[in-house]
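Trainee: There's a structure below that I have some questions on.
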């Protein structure tokens, strides 16, 4: 049997007092599980967004559950649905209001490329006006595809550089 | 009952309609643009067409005159519809407004104006409704290029 004596309450044992890791890995790990999505929802893909964020598919499991309805408190912009030229200035302003670090998902084929709207009204893909990190095609995309996309984005966040806590801060 | 009413409407028009027809149970009246307001107020006051459903236009690029302006009215008393069509030319696509008869014509004439460039004489508010300020042209005309865009936000330089 073990010969170690039990540690009295309030005193420290020698085991697991600290661990070492890379800073980027640690910050990336923290960030990838605390995505606060801002749903910029304009069209029928909203139904699929509701499905994927509510009980059955439950993006809460990936730490991307709590939608913030102000861009200032969110770090993941989900553009769900068709964006028209008339709406483009609004989307641009929402994106510019978000604080760094921020990521953008184009949810559905309309946000990705305009889809079948190739006409005077529709913006042919939101990447014409804002940078996009991840495209989820589909009309609408299956919830599994959205979850796959979120996980791919999490992988990317975990592996990217996080230039905080440096000589300036 | 609906059929009788449409017969009565047809009979009471006199010489105002250039042509009348029944299409899928809807009375279709082809009229000259000058007689639009008198005919519509006649329909409203004498026959109870109290609901203004829509005004739109049809573009016939090869035809003279080029545009059909198409109105739909509905009688909430007799549950029947009537369609009124009139033709205007590209050089002067003007018809009289129906705002004094139907207040809801304000919005629908705005939409018809921005999409087809039909001018409604007497409607003092023909600002863009679905389009935006600065949009050039009329997108539902057949000669508007299908993929012509007029973006409000300058596009980024996207590398392929």
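Trainee: Is one or more of the residues making up segment B:90-104 within 14 Å of chain A (Cβ to nearest Cβ), more than 30 Å from residue B:8 (Cβ to Cβ) and within 16 Å of the chain's Cα centre (by Cα)?
Mentor: The answer is no, given that none of the residues of segment B:90-104 is within 14 Å of chain A (Cβ to nearest Cβ), more than 30 Å from residue B:8 (Cβ to Cβ) and within 16 Å of the chain's Cα centre (by Cα).
Trainee: Among what's in segment B:26-63 and is more than 15 Å from residue B:8 (Cβ to Cβ) and out of contact with any strand residue (DSSP E or B) (no Cβ under 8 Å at 6 or more places or on another chain), pick the residue that is surrounded by the most Cβ atoms within 10 Å (Cβ to Cβ).
Mentor: B:35
Trainee: Which residues, counting only those in segment B:65-79, are touching a strand residue (DSSP E or B) at 6+ places or on another chain (Cβ under 7 Å) and part of a loop (DSSP other than H, G, I, E, B)?
Mentor: Once the filter is applied, which keeps residues that are touching a strand residue (DSSP E or B) at 6+ places or on another chain (Cβ under 7 Å) and part of a loop (DSSP other than H, G, I, E, B), segment B:65-79 yields B:65, B:66, B:76.
Trainee: If you don't mind, another one. Within segment A:62-97, take every residue that is surrounded by 21 or more Cβ atoms within 10 Å (Cβ to Cβ) and within 18 Å of residue A:154 (Cβ to Cβ) and give me the one that is farthest from the other protein chains (Cβ to nearest Cβ).
Mentor: This residue is A:64.
Trainee: If residue A:126 meets every condition in (1) under 18 Å from residue A:95 (Cβ atoms); (2) at pLDDT below 90 apart from one, which number is that one?
Mentor: (2)
Trainee: I'd like to check something: does segment B:4-23 contain any residue that is closer than 24 Å to residue B:124 by Cβ and surrounded by 12 or more Cβ atoms within 10 Å (Cβ to Cβ)?
Mentor: no
Trainee: Being in contact with a helix residue (DSSP H, G or I) (Cβ under 6 Å, 6 or more places away or on another chain) and crowded, with 17+ Cβ neighbours inside 10 Å is the filter here, so list the residues in segment B:74-87 that pass it.
Mentor: Passing the criteria: B:80, B:86.
Trainee: Another question, then. Please enumerate the residues belonging to segment A:82-109 that are over 16 Å from residue A:134 (Cβ atoms) and part of a loop (DSSP other than H, G, I, E, B).
Mentor: Within segment A:82-109, A:82, A:83, A:85, A:86, A:87, A:99, A:100 meet the criteria.
The values are calculated or read from the model by the stated rules, or taken from the named source; none is laboratory data. Here the structure is a predicted model, which is why all the values come from computation and not from measurement. Glycine also receives a Cβ, built like all others from the backbone with ideal geometry; neighbour counts cover every protein chain displayed.
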